[in-house]
Amino acid sequence: MFPILFLLGSSGNGCCRDRCCRHSETELLRHRRHVDGRQRGARHGRHNRCCRCCCCRCRCPEPEPGPEPIEQPNGLAAFGGLWAGGEPVEQGALNDFSVVPLTEQYPRMNVGVEGNALEIEIDGIYEVNYSFTGVSNNTALVTLAVEVNGDPVPGTALTKNMPSGLQRSFSLSAIIPLFAGDLVTLGLAADTFTDITQGIETGATLTVKKLDEIAGPFLSPFSAR
C-alpha cells in the first residue's frame, strides 16, 4: 500500500498536506484504486496526476497578483509662515488687538503673503503655530491670539502678566478650519497703555500647514465667506 499512503497525504507525503490539489476526498480515493489496481509497481510522482504540488513533476499554479498599491502624495499640500525680530507693536485701544508686525518670510507653498498676514489659498484643516517674545515698558496684562480676517479665534488666546522691563514669551498652537481668501494674522492686546517691543532676534512667528480636507458641511465662523 506504499502508493496509497502517498496519495492520502500521510506523514511521508508532506507536500500533499498543503491541500494545493483542490480535489475532493472522493476523487483521491478513486485515483488511489486506479493506482493500486493497475499501476502498483509504478513510481508515485509519475501517476499522481491530481496533486498539483511539489510531489508531482508539474508546478503549482502561480498566485494571482494582488491589487496595485495606492500611491499617496508626498509632503504637505500647503504651508508657509512669517516672522520678525525687534519690531515695535503699535497699540490701539485698551484690550483691542493690534496686528503684530511680521516682516520676514519662511518657505511657503499655496500660501500667500499680504502685508503682515498669511493668505490661505486652499480650503482645509490647518495647524497654526505662533509665538511672541517681547518687553513692555509698563506692567500690563498682555494677550496674544490668532486672528482670521480681523477676528480673534476662540481657543487661541493666551494672557500673561508682563512686568515693566522684563521679557515674557508666548508659544501656542491650534488646529482650525481655513478657507481660500482667509487672512491669518497675529494679534496682541494689553489692558494698559504701554509700548511693547519684540525680542531682538526672533521676536514673533506665525506658521500654518494644511493637515487634511474639510469633510462634511463644516463651516468656520471666521471664514470670509
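Quick look at the numbers
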{"item": "Scan of the range 148-191 for residues that are over 20 Å from GLY80 (Cα atoms), in contact (Cβ under 8 Å) with a residue 60 or more places away in the chain and of a type in the set (D, E, K, R), ordered by number", "result": "ASP151, ASP191"}
{"item": "Residue within the range 60-73 that is at pLDDT 95 or above, farther than 18 Å from ASP212 by Cα and either assigned to a loop (DSSP other than H, G, I, E, B) or in the same structural domain as LEU178 (by TED's automatic domain parsing) (or both) present", "result": "no"}
{"item": "Condition broken by ASN138, with the remaining ones in (1) polar (S, T, N, Q); (2) under 16 Å from GLY81 (Cβ atoms); (3) outside any strand (DSSP E or B) satisfied", "result": "(2)"}
{"item": "Residue within the range 169-181 that is under 23 Å from GLU104 (Cβ atoms), assigned to a strand (DSSP E or B), assigned by TED's automatic domain parsing to the domain that holds ALA145 and in contact with an Asp or Glu (Cβ under 6 Å, 6 or more places away or on another chain) present", "result": "no"}
{"item": "Residues satisfying the stated conditions in the range 174-209, i.e. farther than 13 Å from GLU147 by Cα and small (Gly, Ala, Ser)", "result": "ALA180, GLY181, ALA190, GLY199, GLY203, ALA204"}
{"item": "Unique match (being among the aliphatic types (A, V, I, L, M) and either at pLDDT below 95 or in a loop (DSSP other than H, G, I, E, B) (or both)) among ALA145, ALA93", "result": "ALA93"}
{"item": "Selection count, the range 148-168, where residues are assigned to a strand (DSSP E or B) and under 24 Å from VAL135 (Cα atoms)", "result": "9"}
{"item": "Matching entry among PRO107, PRO101 (being farther than 29 Å from LYS160 by Cα and either aliphatic (A, V, I, L, M) or not in a strand (DSSP E or B) (or both))", "result": "PRO107"}
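The values are calculated or read from the model by the stated rules, or taken from the named source; none is laboratory data. Just so it is clear, the structure is predicted and the values come from calculations on it, not from any experiment. Using ideal geometry, Cβ is built from the backbone for each residue, glycine included, and neighbour counts are taken over all protein chains shown.
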